[in-house]
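The values are calculated or read from the model by the stated rules, or taken from the named source; none is laboratory data. Nothing here was measured: the structure is a model prediction, and the numbers come from that model. Cβ placement follows ideal geometry from the backbone for every residue including glycine, while neighbour counts extend to all protein chains displayed.
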Amino acid sequence: MPSRLKTLLPLLVMLLGAPAMAELTVTSGFDSGASSVGPQAAASQASFLNSTGGRVMLDFEGDMPAGLAIRGGRVTDDSGCRAALCGFNTTEAGSQFLLAPGKKGTITFTFGEGVSYFGAYFSGLQLATGTLTFQDGVRQEISLPYGDISLGGMAFVGFHNPGKLIGSVSFYTGNDIIAIDDVVYGRGPVAAVPEVGTLATMGLGLLAIAGLRRGRAERASARQPV
Ligand SMILES: [Ca+2]
């Protein structure tokens with residue numbers, strides 16, 4: 001095998017065998033003992049909004065956005081106990097939030113047209129049981145970030161799954177009373193994943209380059225005085 005081809009073959013194999021280049025990413029930040037939006041959670045939300053181009057779609061202060069359905073939980077302005085332990089509103093000048101009242105309940109957000117990213121503030125974290133799950137071909141599970149929860153805490157958690165549309169996201173609360181607020185969701189910029197046809201064309205191009213270089217090298221060596 002010509003050496004040039006030997007050099008290029010691994011590259012070709014890599015290109016042709018490359019999985020989807022877009023991968024699931026999770027952005028999260030936790031603030032221990034927080035009874036209002038903490039710095040880690042706020043920075044995490046800002047980073048998430050910046051990378052997805054998203055914005056808060058649901059703050060529970062008014063009507064539900066079109067195309068969204070929520071099963072489980074209840075909208076309230078009172079979690080029934082201290083904010084750091086049972087949760088609170090995170091909307092500036094707002095008061096309402098969605099309360100997951102513990103008791104091993106699940107809240108499911110269903111999106112009419114599918115989403116590629118989803119995130120929210122979760123507050124009143126006290127038992128390290130909160131988990132987000134969704135299907136993107138396989139079952140994905142994301143635990144809320146937890147640090148020292150002896151005095152409660154709050155977090156922002158968001159995930160981005162470029163190029164995949166997710167029909168629904170479920171939040172399992174365990175026995176922890178948790179407030180959810182300022183929910184962000186939508187379709188992000190879809191990362192370019194070359195299609196098989198493109199990869200095949202690239203492969204042929206690389207082989208052609210290899211052939212041209214080999215031809216040149218052979219002609220050059222033929223001109224060398226023996
Ligand atoms: Ca709110």
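Yes/no per residue for (1) within 16 Å of the ligand (Cβ to nearest atom); (2) surrounded by fewer than 18 Cβ atoms within 10 Å (Cβ to Cβ); (3) closer than 24 Å to C81 by Cα:
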| site | (1), (2), (3) |
| --- | --- |
| A100 | yes, no, yes |
| K104 | no, yes, yes |
| F109 | yes, no, no |
| D176 | no, no, yes |
| I180 | yes, no, yes |
| V184 | yes, no, no |
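Just checking: which of the strands (runs of 3 or more DSSP E) contained wholly in region 55-156 hold 2 or more residues that are at pLDDT below 95? Spell out the reasoning first.
On the way: elements: 56-58, 68-71, 74-76, 97-101, 105-115, 117-123, 131-135, 139-143.
Qualifying strands (runs of 3 or more DSSP E): 105-115.
The residues listed here are A34, A22; of these, the one that is modelled with pLDDT under 95 and surrounded by 15 or more Cβ atoms within 10 Å (Cβ to Cβ) is A22. Criterion applied to S36, S51, S95, S123 was being away from the ligand (no atom under 16 Å from the Cβ), assigned by TED's automatic domain parsing to the domain that holds S143 and of a type outside the set (F, W, Y), and the one residue passing it is S51.
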